[in-house]
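Everything below concerns the one structure shown next.
Taken together, the values in this text are just the output of simple stated rules run on the coordinates, not laboratory data. Here the structure is a predicted model, which is why all the values come from computation and not from measurement. Cβ coordinates were reconstructed from backbone atoms using ideal geometry, including for glycine residues, and neighbour counts include every protein chain displayed.
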Amino acid sequence: MRVAAFPSDDSGCGWYRIRFAAQHLASLGHDIVIDPPLGYYRDPSGDEPTRLYLDADVAVVQRISTATGAAFVQALKDHGHRVIIDVDDDLDALHRGHPYLAEVDGSQPGRHRRYLHDACQAADVVTVTTPALADRYGYGRAVVLPNLIPARYLTHRRVRSKRTAEPLLVGWTGRPISHIGDAGVMGG
């Protein structure tokens, strides 16, 4: 089985949820390609309409928020490909003032959160990070694949010297532009 992976971006989400997993699977010998080329062809007899050509059995597509993305998913389905949609954010629950809200509230032509719902309804499987997202976007076909870190990270104890007032430093990989307030829950 050949898998084609289509990350939503080239930053954290695209890497953590799609690219790293695809690279790891490929290193284990699985037939997986990332951002593969797409083609369209017309049946030489003229009896068939233009068809989508993708050299893969399954397409993994991440976080759709555009009309073009939803149409792409439907074209994949129409041409016999299995489709998995990956969702790791609740685009229906963005608060007022969130910088990504304009991407999904319909204020920009061709962009709206309903396209994510359309794609998820058409998908064979929807992978999500939480049960709440499974309820929102799964349409009965959700699989929860939580974001994970190695268990040993959760048991690491930092030895702090009593002689210094050095503050505790905590690493965080989120993007402040799209995860407003996330780091703030830790307080000072």
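The table for this structure:
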| read-out | value |
| --- | --- |
| Peptides ranked, highest mean first, by Cβ atoms within 10 Å: ranges 10-22, 90-102 | 10-22, 90-102 |
| Near-label residues of segment 17-38 by backbone N, under 18 Å of a point 7 Å along Cα→Cβ of residue 149 | 17 |
| Local net charge near residue 30, Cβ-Cβ under 13 Å (Lys/Arg +1, Asp/Glu -1) | -1 |
| Residues listed by number, segment 81-95, amide nitrogen under 13 Å from residue 52 label point at 7 Å toward C-beta | 81-85 |
